[in-house]
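Here the structure comes first, spelled out in C-alpha cells, and everything after it is commentary.
Read-outs: derived from the displayed coordinates by stated rules, not from any lab. Not measured: the values here are computed from a predicted model. A quick note on method: Cβ atoms are made from the backbone with ideal geometry, for glycine too, and the neighbour counts reach across all protein chains shown.
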Amino acid sequence: MRHFLSLIDYTKDEILEILSLAQQIKDETKKREFKDYMPKKVLGMIFEKSSTRTRVSFETGIYQLGGIGLFLSSNDIQLGRGEPMSDTARVISRMVDMVMIRTFEQEKLEEFAKYSKVPVINGLTDKFHPVQLLADYLTIMEEGLDKDLVVAYIGDGNNMAHSWLNLASKLGFELRIATPKDYQVDSEVLKNALNEAKKSGAKISIGFDPNDAVKGSTVVTTDTWISMGQEDEKDKRVKDFAGYMVDEKMMNLAKENAIFLHCLPAYREYEVSTSVLEGNQSRIFEEAENRLHAQKAVMVWLDRKRDEK
C-alpha cells in the first residue's frame, strides 16, 4: 500500500512520473476532456484545519476524475469527540477508496495511514505540505526553469521549508533557505534532506540573510509568517521577521527571468509586498490552479499502484 505522506518517501523517478501525469491530465482538462480515471471512487476528505485551495482542488479533482469527494470536518465525525485516530482509520477506510487528511500533527496522519486499508494523502500538516510542492514544481516546469534551478525560500522554517528541502534533495536542484535565527528548519528534516542530497547532487544551504539567498536565484518563494494556530504570536513574529519581506528590491537580486511563488493565502506587506504579488514575475495564481492538476495526478497514481499486483 502506497501513501502520499511526505516527498522524502518517494524516489526522483516516482516524483517525475506523477508530475508527468499531472501535465497530461492538465492538458486533457484544458481541452475539456474529462476522462474517468477513477469511476465511482470515493475520496474521504478529513479537515481538522480549514482550507480554501485544498478543499476546492481535491473535491473538484475527484469529481473530474469520475468519483466523488466527502467533506468531513472534525465536527462532523467522531474524531472531534475523542475517537482514537486508529479507530477512525479502520472504519472510514472500509467505506471509501482513498483518504485525504489536512491536520496539525504529522504523527496523526501517520497513525491514520498505519491503520488505513486505502491510500492516504497528506493535504497538509504542521511538518509537511507535499501536494503544494508538486503544484509549485509543475509551475516551474511550465516556465522552463527546471533546468539549472536555484530556489530561494525566504521566511519561516515551517512545513513549506521542510517540503522544499525534501523536493530539492530528491530532484537534485539548488535550494537556499533564509530564516530568522529563532525560526530555523527542523534539524531532523534537514539531516534527512542532506543525506538524500549526497545521492542526488542537490546543493542545499541554510542561512539568515535573505538577500544572499535570493541573489542569482531563478525562483523566489515564501510563506505566511503567521500560520493557523499562531495568531497570538503575530506581534512578536512581525517584529522577528523584519527584513524578510520579499519586495521589488529583493526580487531585483534574482535573475531577470526569475518567478515568484507563494502557496497562499498571502498577507500583503508582511511576507511579500503587493507590488511583487501583483507584478509580472508573480505566478501565484498559475501555481494555485496547479494544485488541482497535481492532486488529480497523485490520486490517479496512488489508485493505480493499489491495483497493481
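Observations
- Checked against a 25 Å cut-off, the cross-linked pairs Lys30/Lys255; Lys127/Lys199; Lys198/Lys249 give Cα-Cα distances beyond that limit for Lys30/Lys255; Lys198/Lys249.
- Principal-axis tilt of helix 159-171 within the chain, Cα atoms, nearest 10 degrees: 90
- Spin-label pair Asp307/Lys199, simplified geometry with 7 Å Cα→Cβ offset, distance in nm: 2.9
- Interatomic Cα distance distribution for the range 134-173, bins of 5 angstrom, percent: 5, 22, 32, 28, 11, 2
- Centroid-to-centroid separation of the range 234-258 and the range 120-164 [C-alpha atoms, Å]: 18
- For the peptides 114-126, 152-164, the ranking by mean Cβ contacts within 10 Å, running from highest to lowest, is 152-164, 114-126.
- Kirkwood hydrodynamic radius over Cα pairs of the range 144-282, then Stokes diffusion coefficient at 20 °C and 1.002 mPa s, in µm²/s: 143
- Exposed GluC sites (Glu not before Pro) absent: longest stretch of the chain, with sites in DSSP loops and at most 16 other Cβ within 10 Å deemed exposed: 144-255
- Across the chain the C-alpha pair distances fall into 20 Å bins from zero in the proportions 34, 58, 8 percent.
- Acute angle (nearest 10 degrees) that the helix 187-200 long axis makes with the longest principal axis of the chain, alpha-carbon atoms: 90
- Cross-link pairs beyond the 19 Å C-alpha cut-off, checked among Lys191/Lys239; Lys117/Lys170; Lys114/Lys305; Lys49/Lys296: Lys191/Lys239; Lys117/Lys170; Lys49/Lys296
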